Amino acid sequence: MALVDVNQLRVTFGGKTAVSAASFAIEKGETFSLIGESGCGKSTLLRVLAGLQREWHGEVAVLGERLQPGQRFAGPLRRNVQMVFQDPWASLHPNHTISRTLSEPLSIHGETQIAENVADALQQVGLSADAAKRYPHQLSGGQRQRVAIARALLLRPQLLLLDEPTSALDMSVQAEILNLLNRLKAQHGMTYLLVSHDADVIAHMSDRAAFMAHGEIQRVFDREAMLRNEHRMG
Ligand SMILES: Nc1ncnc2c1ncn2[C@@H]1O[C@H](COP(=O)(O)OP(=O)(O)OP(=O)(O)O)[C@@H](O)[C@H]1O
Ligand SMILES: [Mg+2]
């Protein structure tokens, strides 16, 4: 069974169509990517799957559960679908320490041994324990994105939605974070939906990649097509 199943998804804002007739499925364990120009609808599509964009039309199933427009995620869905946002500045609370940012999702979901879990999460993403005491502005961009990844992974989600997780970072940090994501995926058996405008990142990470333009999925590339560099033609 597919972990994500999207059929004829459409999202409009006022008169403007952001996502149009998008259909695709993602199998468990896959890294499926979206590539395409700025404004083509990638983030909007991820936000639907994360339960953040609640106005849409079509058929969407996540983790075997059929979503309804307007639905707020709760229970297993909320826990098992996590998103890493394009801009770690916007996604981390500026006045909360990293410790608080990482503790809150655990306590909301009734976890115990919170301090141990936070320490473990920081270690997994390659941050030192004393990062816990700091505020977002006291970290580098790469460190902030690691915190965002740590937070997304704390609850051991089955599906991780990654919206340009490394585009704000320089090349060496970018490579480190991508390798980290691949390692964590193998360790925890996750499924990824990754957005990137970078054809190298797409080729490095993806089992399949969908090319989007003007809200539509125009074509899906498998590994062989990516090895032939077909995903670079646009
Ligand atoms: N909340 C909103 N209200 C109105 N229009 C929106 C909203 N969110 C997105 N849009 C519009 O929908 C279209 C798709 O936006 P989206 O953010 O999904 O693009 P994207 O592919 O993620 O672009 P980028 O690569 O720049 O992040 C754009 O034209 C955008 O202006
Ligand atoms: Mg976007």
* To do: Taking 7 Å along the Cα-to-C-beta vector as the label spot, tell me the residue 17-residue 175 distance in nanometres, rounded to one decimal.
  => 4.2
* Asked: Which of the listed residues, 49, 157, 109, is farthest toward the dipole's positive end in the chain, when Lys, Arg count +1 and Asp, Glu count -1 at the beta-carbon?
  -> 109
* Structure fact -> Counting Lys and Arg as +1 and Asp and Glu as -1 over every other residue whose Cβ sits under 15 Å from the Cβ of residue 51, the net charge comes to +3
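Do you know the relative contact order of segment 60-186, to the nearest whole percent, from alpha carbon pairs under 8 angstrom that are 6+ apart?
Values: 143 pairs, mean separation 43.4, N = 127.
For segment 60-186, the relative contact order is 34 percent.
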* Scan the chain and report its longest stretch carrying no GluC sites (Glu not before Pro) that are both in a DSSP loop and have at most 14 other Cβ atoms within 10 Å. => 112-234
* To do: Show the residues, 5+ positions off or on another chain, whose built amide H is closer than 5 Å to the amide H of residue 216.
  => 20
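Residue separation times 0.36 nm, minus the C-alpha to C-alpha distance between residue 220 and residue 107: what's the value? Intermediate results must be reported in sequence, preceding the final value.
Details: separation 113, 0.36 × 113 = 40.68 nm, distance 3.97 nm.
This chain segment gains 36.7 nm when fully extended.
Quick check on the chain: helices-only [θ] at 222 nm, where DSSP H runs of length 4 and up contribute -39,500 (n - 2.57) each and the sum goes over total residues. Nearest 500, please. Intermediate results must be reported in sequence, preceding the final value.
Details: 9 runs with 83 residues, N = 234.
Counting only the DSSP helices, I get -10000 deg cm²/dmol.
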* With the contact rule set at Cα under 8 Å and sequence spacing of 6 or more, what percent relative contact order holds for segment 2-232? -> 28
* Pull up the cross-link candidates among the lysines for residue 16, meaning alpha carbon to alpha carbon under 30 Å and not fewer than 8 places away within one chain. => 42
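Taking N as the number of residues in segment 69-163, what is its alpha-carbon radius of gyration divided by 2.2 N^0.38 Å? Kindly include the intermediate steps, with their values, before the conclusion.
Details: Rg = 12.9 Å, N = 95, 2.2 N^0.38 = 12.4 Å.
That works out to 1.04 for segment 69-163.
Counting other Cβ atoms within 10 Å, which trypsin sites (Lys or Arg not before Pro) in segment 1-97 have at most 13 and lie in a DSSP loop?
Working: sites: 10, 16, 28, 42, 47, 54, 66, 72, 78, 79; in loops: 28, 54, 72.
Passing sites in segment 1-97 are 72.
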* Return the lysines within reach of residue 185: Cα separation strictly under 19 angstrom, same-chain partners fewer than 8 residues apart disregarded; answer none if there are no such residues. => 28
* What residue among 177, 14, 96 has its Cα farthest toward the positive end of the dipole of the chain, where the charges are +1 on Lys, Arg and -1 on Asp, Glu, each on the Cβ? -> 96
* Using every Cα-Cα pair within the chain, state what percent have a distance larger than 21 Å. => 56
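How high is the relative contact order of segment 2-100, in percent, with contacts defined as C-alpha pairs under 8 Å that are six or more residues apart? If you can, show how the numbers build up before the last one.
Numbers: 124 pairs, mean separation 26.7, N = 99.
The normalised contact order for segment 2-100 reaches 27 percent.
Using the Cα centre of the chain as the reference point, and only Cβ charges (+1 on K/R, -1 on D/E), how large is the resulting charge dipole? Debye, rounded to the nearest 20.
Numbers: 24 positive and 24 negative charges, 93 e Å.
Around 440 debye, computed over the chain.
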* With each label point set 7 Å from Cα along the Cα-Cβ vector, what nm distance links residue 199 and residue 156? -> 4.0
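No value in this document is a laboratory result; all are computed from the given coordinates. Fair warning: this is a prediction, and the values are worked out from it, not measured in the lab. Reconstructed Cβ throughout: ideal geometry from the backbone, glycine too, with neighbour counts over all protein chains shown.
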